[in-house]
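Data block below; observations after.
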Amino acid sequence: MSAPEAAIVVDDLRVVVAGTGHDIVDEVSFAIAPGEVLGLVGESGSGKTTAALALLGHTRRGARITGGSVRIGDQQVLELSRDQSRRLRGRVISYVPQDPASALNPALRIGTQLTEALEVHGIGGSGDERRARVAEMMREVALPDDPAYLRRYPHELSGGQQQRVGLAMAFACRPRVIVLDEPTTGLDVTTQAHVLGTVRELAAAHRVAALYVSHDLAVVGSLAARVAVMYAGRIVELAPADELFQAAAHPYTRRLVAAVPHLEGRRDLVGIPGRAPSPGQRPGGCSFALRCTMVQEECTLAMPDLRVVSEAHSARCLFAEQVRALVDERRGPAGVVAEPAAADSVLALNGVNAGYMGLTVVHDVNLGVAPRECLALVGESGSGKTTLARAIVGLHRERSGEILLKGRPLARAARSRPRDVRRSIQYVFQNPYGSLNPRRTVGQIVRQPLELFGGRSGREIDRRVDEMLARVSLTAAYASQYPDQLSGGERQRVAIARALVCNPEVLVCDEVTSALDVSVQAAIVELLGELQRDLGLAMLFVTHNLPLVRSIAQRVAVMSSGRIVELGPVDRVLQEPADDYTRRLLADTPSLETATA
Amino acid sequence: MDSAQSGSPSAGFHPRLGGLAGFIVRRLLLGLLVLAIVSVVVFAATQALPGDPARAILGRSATPDSLKALREQLNLNRPVLTQYGDWVKGLVTGNLGTSLAAREPVSTYLHDRLVNSAFLVFLSAIISIPLSIAIGAYAALKRDRLFDSSASILTLLLAALPEFVVGVTLVVLFATTIFPHLLPGVSNIAPGTEPWTQLKEMILPTLTLVIAVTPYVARIMRASMIEVLESEYVEMARLKGVPEREVVVRHALPNALGPTFQVIAINLAYLAGGVIVVEYVFNYAGIGGALQNAVITRDLPVVQALAMLIAAVYVVLNLLADVATILVTPRLRTRL
Amino acid sequence: MSTLTDAGVTPEPEAAVSRRPAGAMMRTALRLWRTRIGVALVALLVLVAILGPAIAPHGPSEYFGLAPNAPPSGKAYFGTDYIGQDVWSRFLDGGREILVMAVLATALGLVLGTAVGLTAAYARNILDDVLMRAMDVILAFPQIMLALVVVATVGASETLIVLAVGLTTMPRVARIIRGAAQAIVERDFVAAAEALGLPRIRILMREVLPNVLSPLLVEANLRLTYSIGLIASLAFLGLAPNPNGADWGLMIQQNRVALGTDQPWGVLLPMIAIALLTIGTGLVGDGFARAAAGIDRGRGAE
């Protein structure tokens, strides 16, 4: 594996929590050849960022590298002195952070920060040479290279431009290795596509070995030839991208792939129950054993080694060969049955405009959602989709036009709406970490609407709360827990229980899975689809994730710059988009199919 | 001591008028508004309270004649609004009335004392501001090491002490018991003499104010610096190979100074209040001592004048802090 | 029903810490030695203040035949003061008033400041501006200055000093609480309560207030420290509510002239008491602040 010409060789890397000694990252080994992009995929808490930073010999506060080696050329990165590793960083191996908005110094002009990257490594003899080099870098990442632009401060750039500056800085000294840590998370798909294209070109043009860290299989698949999957601090599978997506040899990878929504072909998403063990709580045997459907007794005895299943493919599973040979029977048609929409819309929007302080961000929207129907509202950030959703539930008051519930127009503010209307329309927020009061128990949170809307005795309320928790797959024991004690997926289940506990007719879901890992997202979407069908809800599902629409909605409305540009059945819109914007959006969305094609 | 370390200046970060000049003009207008309301409060608290100020001033033994004379001197016989109007007119034109105790114009009475106090505050400020920034920044760099933890304990203890306790302790240590007569425990600087010619007498009052202000600013500076040192852009600077000294000087310090300006302003303003007690401890002839004396003797014109003066200092310092914060924070500068 | 059970395979490590954040903060704080020392100091001085009058050998204003500024003796353990009263007895008698006044003034400032801060943060409109500008007006005076102005006109009384200190504490609390609550009112659980149509007062009391308890506790200690110092300073400046009564601040002022002599106890005893008291509350406040920061870090790490 560690071919002699590899630009970087990582061997048995181990990073622990300083003090307790619990492993965050362990037994991580891989090599990357010049010009190659290796993808490193993992869900939150898998240790992927810690591993990535360790390649530069760096750890965050509270972590410590205690074992293994990182070799670049003939330099052992982990054995260098402070000064030696300083001279290595940025020149031989560079880093592109996840969030360029906080990684660029807000007090320094971007030109200064770019020049500094050259200066500290003594590259470019004179100021003029450096300025020329900076201009060249700016052109490479498709940014203007004029002095006026370089005199800007980071906050004067858009997110995509900031990330391009980050890329320019990373490639400035022509390093041999570059570590990209989720550089496109938080960017719109269109911007993401451009940034990914830039990374691909630069890595190939300068023969740079790149490690691309991400939680998004589709993004990694569109960029990397080989992909390593991390789970609970270890690499559980390392394989060529297409093989990984089609014939994974580790049960975790298989479930992860099954959880990714597809742009083409409708199918059920399947989540992974349970959650990954955190440092200090990892079991003696295979870390995935607790969640694995194929678990055998010997799995829990000792941590399996990486087994080679084919030339470039290895997996950390005792039954890797058998798992690899499995035929994925889950790839069937989806359960999202397009029930014919009932005649009358339960929720209707007529010529709705909405804005902030006189600036209109939603223009003339006309939509209807029928009972038992799920309408997806898709748009990029800033398209006005969340503003529209909040106007519907009465949280955004600056709007005009009509919003009708069963034909009755609704007041702008939730507070001015009659009690029965407030009960009928419920909202699930994007971020379950923010939508639950950390000072109240799950039970108190779920029963609040029942108490407010009245009509039930204390015992009835208790029973209803238990019933609702069970409906979202939480046991009654959760009622006495605080949100801090719950995982993101569990929190979103509580939020859904709160929304559905008083039998609403309309459910508005605002990006409810965007803060969640892909395996949890699949589980939540599965749950929402099921509840919507069982309870006959009219659902407005707001999302930026186009492939996800397939798995939940019958109709989709595409929103751009505050306008609905396309509205129709999901299959028709995704297969034969009529609008230019929809077409562009589809083309820019990375997916596993395009990755393996 | 004050802890309004919210970081964001109290007002005006959502301006409508463009440019730094526009911002300053708006903040000035707002400051004038605050001062106008302050003048109402001061006037109401001192002159318009229910009861008879003249009797309050002269006490129960006052004769009707002397009460009548004082009422006339304070214009108490006229409608309250007229009294207020005259008083404000006097404030603006510099005619602050006549001191009841000193029997001379308030402006003359306060002039020399103002110079003395200003010099004391100035001396304390130029020592305590760099000192506190240095202690705070260095403690943040040496986080959880010996310097940091000892600075943390020391600043915590000193910040908790009322300044008169500090002042009297210094007198006990350096003027009486332990090092008797090493330093003068009383600063007999007569009004009209130049305080900078008597630096020895300045040492203890200055030291007291420095001890009162430094710990608090140092603690804020440390917190602000730690936040910056943990930021992603500082991590990024290290990851691109910037030498540690440059990381601190170029990337960390400028970003840590912004919030500190606010605190410095609050503490300079606090110095203006702290002098009241400290000047009394050391018998220092400044506005603080004058205020204490005026309160005890119920010399209302002097109390009013000093209240307005100190409030004005507060308003101006807050304005300066807001402007300074904007100047070191490009993000705020361009939002104007 | 789906086959899914997200049921906790493993509990999150930080779950135990942040279960009941205000209570957890206090428990964490009490594990720090600085908090314990602080609590011990405060408890000691509260004991002195409560039990002192009972164990004082003489009345606070009693003359028993010793000359002024008499050195310590069996009749007066710490000598006599500038007019021949027993220093030890006056010291034992002088703590109650300052403690009661400081606690009342701080409580007043906290209640008013919290009400103003929460209202301003939640209003997010002109009311916010008006309230905070009003706070700015009070902030334009040093605390001691405003107290002096009021006392100058009306005369020193307990009620007036408590009111003056409480009212000048208010804007400082209000700014802190507003700052903390501004982050909270933007969180979605407040929006969720609004969408349900919960009354405003219930949103403030049930959704917002519990989430600012940690900074409020820290601020309460800080404010108590300053209130003690302020009330003692007023007495030191000669503005004790009862100019003949025993009061630590007043004792220091009255006996200052004797500092250079061999009878410093009239100054030293009350000064040590005030210093230990403010250091005690300062230590407790710092312990709370550290505990709160630790808890916040744990939550942020998720």
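The values are calculated or read from the model by the stated rules, or taken from the named source; none is laboratory data. Keep in mind the model is a prediction, meaning the values are calculated, not measured. Note that each Cβ is placed from the backbone with ideal geometry, even for glycine, and that neighbours are counted across all protein chains shown. In case anyone asks, the SASA skips ligands and DNA or RNA and just uses the protein heavy atoms, side chains included. Shrake-Rupley method; radii C 1.70, N 1.55, O 1.52, S 1.80 Å.
Just a few scattered comments:
- In the range C:148-228, the GluC sites (Glu not before Pro) that fall in loop regions by DSSP, at most 14 other Cβ within 10 Å: C:Glu186
- The alpha-carbon of A:Lys406 sits under 18 angstrom from the alpha-carbons of these aspartates and glutamates, leaving out residues fewer than 8 places away in its chain: A:Asp344, A:Glu373, A:Asp420, A:Glu505.
- Value at 222 nm in deg cm²/dmol, rounded to 500, when DSSP H runs of n ≥ 4 in the protein assembly as shown each add -39,500 (n - 2.57): -16500 deg cm²/dmol
- Taking the longest Cα principal axis of chain C as reference, the axis of helix C:126-139 is set at about 20 degrees.
- Largest to smallest principal axis extent of the C-alpha atoms in the range A:248-333, angstrom: 40, 31, 21
- Fraction of accessible area attributable to carbon and sulfur, the range A:343-410 (%, probe 1.4 Å): 50
- Contact residues in the range B:305-329 (at least 10 Å² less accessible area with all protein chains than alone, 1.4 Å probe): B:Ala307, B:Ile310, B:Ala311, B:Tyr314.
- For the protein assembly as shown, the residue among B:Leu123, A:Val525, A:Ala228 whose Cα projects farthest onto the positive side of the dipole built from Cβ charges is B:Leu123.
- Chain C against chain A buries an accessible area of about 4100 Å², both chains summed, 1.4 Å probe radius.
- Rounded accessible area per residue of the range A:458-597, 1.4 Å, Å²: 31
- Candidate aspartates and glutamates for bridging to B:Lys68, where Cα separation is under 15 Å - those fewer than 8 sequence places away on the same chain excluded: B:Asp52
- Taking a quarter of the surface of the Cα convex hull of chain C gives a mean projected area of 21.1 nm².
- Using the Cβ of A:Lys385 as centre and a radius below 13 Å, the other residues enclosed give a net charge of -2, where K and R count +1 and D and E count -1.
- Charge tally in the Cβ shell below 10 Å around A:Phe453, where Lys, Arg are +1 and Asp, Glu are -1, A:Phe453 excluded: +2
- Considering only the Cα atoms of the protein assembly as shown, their convex hull presents on average a projected area of 54.3 nm².
- Mean Cβ count within 10 Å, highest first, over the residues of peptides A:394-402, B:206-214, C:247-255: C:247-255, B:206-214, A:394-402
- Between the alpha-carbon centres of the range B:291-331 and the range A:239-264 there is a gap of 68 Å.
- In chain C, the longest principal axis of the Cα atoms and the axis of helix C:95-123 are about 20 degrees apart.
- Other residues whose C-beta falls under 12 angstrom from the C-beta of A:Leu244 contribute a net charge of 0, scoring Lys and Arg +1 and Asp and Glu -1.
- If both residues of a DSSP beta bridge must be in the protein assembly as shown, then about 55% of such bridges are antiparallel.
- Charged side chains reduced to their Cβ positions (Lys and Arg at +1, Asp and Glu at -1) give the protein assembly as shown a dipole of some 1700 debye around its Cα centre.
- By the rule of a C-alpha distance below 26 Å, with chain neighbours fewer than 8 residues away ignored, the lysines paired with B:Lys142 are B:Lys240.
- The distance from the alpha carbon centre of the range C:169-194 to that of the range C:26-97 is 42 Å, rounded to a whole number.
- Computed over the range A:248-333: relative contact order in percent, which uses C-alpha pairs under 8 Å that are six or more apart: 35
- Calculated FRET efficiency for the pair A:Arg456/A:Ala205, C-beta based, R₀ 60 Å, to 0.05: 0.35
- Averaged over peptide C:282-289, the number of partner chain Cβ atoms lying within 10 Å of each residue's Cβ comes to 3.
- Reciprocal of mean inverse Cα separation for chain A (Kirkwood radius, Å): 25.9
- 0 to 90° range, to nearest 10: angle between helix A:189-205 axis and chain A longest Cα axis: 10
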